[in-house]
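Since the structure comes first, as structure tokens, the remarks are kept for the end.
Where a number appears in this text, it was derived from the coordinates with a stated rule and is not lab data. On a predicted model such as this, the values are computed, not experimentally measured, just so you know. Glycine gets a Cβ as well: all are built from the backbone with ideal geometry, and neighbour counts include every protein chain shown.
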Ligand code: UDX
């Protein structure tokens, strides 16, 4: 099949490369000249395990191309996947500017009966609205569908190749059949939903996971004041089959490019429809308040940040990515500096992104290794569970001449081991 993917951000590049690996002719299209120039040379502008290799392989075998030119990419495409960004605006509502602009550009160039499939995360009603927009400018009949993505950063290639399910939202049986054929090699359940359900399934999925994280964080806070241990509690509640024991790490709250944005967009959508406060609004607030609240709690435990040397380990929002969008470090480090701490940061992959995201904080020192960041520190903050960080032997950086605190922000360390190294251990909810 001839497929064009519009938007070569995180979702678009992974989707394009994986479709190409199925033997399709795929073109990645973006208006960002610099991004396309880099992709044409086989360079992915972000870190995602396995993606560079797949991209190069598919470019070399001639299945995958990149362009900034709609005229080159649309007229031959049987399927046009729209994966442009849908950020939140200043009021938390979804901003559809990029989506609309892509629709306006592609509409007059469509091949007869091509399928336009919206992969971007958008509220219910969007496919219907965008179909009208397309119809005004298209010169031929076309088909539409919503095909939300559920891939996670850090495991995006594997998630795309082995999805839990494929959701296709369309009222058009032919569009469904063609899209189902495209996704059959992934061997996952393929669901035919109405477009509104497909849009909602994506928001609901992320809001549920975000809610789960906020919930366990609240229980962790109660553990901390009651003498209960959150890890023991998780072990106990997780054996209830209705609940399960996965996806239950308490910490600084959820970050990244999706959860905070999707929860806030769902909250704004809910307010616009039902005109009442809703769970998502409160969820969003709880998550925003969490880092300042924990920083205050930690400050009390260590006797204030002023003059403390702090090693912040893990700057990305999660392991196996250099994405810093809504990473805990982006909130934690400015607060530490503001409170008078000397901060040394380390990350296996995200130092370059950090110099951009934290560019207003020249006092932050970037270090090339855990040892360099942690040597002599008064406080070690293990923020993100990169394997290199959680498997590190911190006895190497223990200074027996002073008290050193170890903040295990994601409960990834055995407290007894950290204490045996000689640190004062501070976990979450234990
Ligand atoms: C998420 C969704 O899972 C994916 O389906 C969606 O389309 C994009 O957003 P991603 O942001 O890559 O993917 O990461 P995920 O691993 O789900 O984690 C999101 C955030 O929740 C991270 O900040 C993570 O640290 C946090 N988290 C996750 C917790 O705090 N506790 C947990 O138990 C799990």
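Is it possible to state the helix-based mean residue ellipticity at 222 nm for the chain, with each DSSP H run of 4+ residues giving -39500 (n - 2.57), the sum divided by total residues, to the nearest 500 deg cm²/dmol? What is it? Before the final figure, lay out each step's value.
Details: 17 runs with 187 residues, N = 430.
My calculation for the chain gives -13000 deg cm²/dmol from helical runs alone.
Could you state the principal axis extents of the C-alpha atoms in the stretch 224-372, from the largest down, to the nearest angstrom?
Principal extents (largest minus smallest coordinate, Cα): 47, 39, 30 Å.
Compute the FRET efficiency between residue 338 and residue 372 as 1/(1 + (r/R0)^6), taking r as their Cβ-Cβ distance and R0 = 25 Å, and round to the nearest 0.05. Intermediate values should be presented prior to the final figure.
Details: r = 24 Å, r/R0 = 0.94.
Efficiency for this residue pair is about 0.60.
Can you tell me which of 165-172, 323-330, 182-189 comes out highest on packing, and rank the rest after it, using the mean Cβ neighbours within 10 Å?
Working: 165-172: 20.2, 323-330: 23.2, 182-189: 14.4.
So the peptides 165-172, 323-330, 182-189, ranked by packing, come out 323-330, 165-172, 182-189.
Could you tell me the calculated FRET efficiency between residue 1 and residue 162, based on Cβ-Cβ distance and R0 = 22 angstrom, to the nearest 0.05?
Numbers: r = 21 Å, r/R0 = 0.94.
Approximately 0.60, to the nearest 0.05.
If each residue of separation counts as 0.36 nm, what is the full-extension length gain between residue 38 and residue 93 once their alpha-carbon separation is subtracted?
On the way: separation 55, 0.36 × 55 = 19.80 nm, distance 3.16 nm.
Roughly 16.6 nm would be gained on extension.
Give me the distance in nm between label points sitting 7 Å out from Cα along the Cα-to-Cβ direction at residue 113 and residue 237, one decimal.
For the pair residue 113/residue 237, the computed spacing is 5.3 nm.
By per-residue mean of other Cβ atoms within 10 Å, what is the highest-first order of 313-321, 280-288?
Values: 313-321: 25.7, 280-288: 19.2.
Ranking the peptides 313-321, 280-288 by packing returns 313-321, 280-288.
Using a Debye calculation, one point per C-alpha and no hydration shell, please list log10 I(q)/I(0) for the stretch 20-131 at q = 0.11, 0.22, 0.23, 0.24 Å⁻¹ in order.
With one equal scatterer per Cα and no solvent, log10 I(q)/I(0) is -0.41, -1.32, -1.36, -1.40.
Calculate, in nm to one decimal, what residue 72 and residue 293 gain on full extension: separation in residues at 0.36 nm each, minus their alpha carbon distance. If you can, show how the numbers build up before the last one.
On the way: separation 221, 0.36 × 221 = 79.56 nm, distance 5.19 nm.
74.4 nm is the gain from fully extending residue 72 to residue 293.
Based on the mean of other beta carbon atoms within 10 Å per residue, what is the order of 73-86, 31-44, most packed first?
Details: 73-86: 22.7, 31-44: 15.2.
Taking the mean over residues of other Cβ atoms within 10 Å, the ranking is 73-86, 31-44.
Can you tell me what percent of all Cα-Cα pairs in the chain are more than 37 Å apart? Could you put the intermediate results ahead of the total?
Numbers: 28161 of 92235 pairs.
The proportion of pairs with Cα distances above 37 Å equals 31 percent.
Can you divide the C-alpha Rg of the stretch 287-414 by 2.2 N^0.38 Å and report the result to two decimal places?
Values: Rg = 13.3 Å, N = 128, 2.2 N^0.38 = 13.9 Å.
Relative to the 2.2 N^0.38 Å estimate, the stretch 287-414 comes out at 0.96.
Subtracting the Cα-Cα distance from 0.36 nm times the residue separation, let me have the gained length for residue 181 to residue 152 in nm, one decimal. Show your work: numbers first, answer last.
Values: separation 29, 0.36 × 29 = 10.44 nm, distance 2.34 nm.
Gain on extension, residue 181 to residue 152, equals 8.1 nm.
Can you give the three extents of the C-alpha atoms in the stretch 125-263 along their principal axes, from longest to shortest, in whole Å?
Projected onto its principal axes, the Cα set of the stretch 125-263 covers 68, 31, 26 Å.
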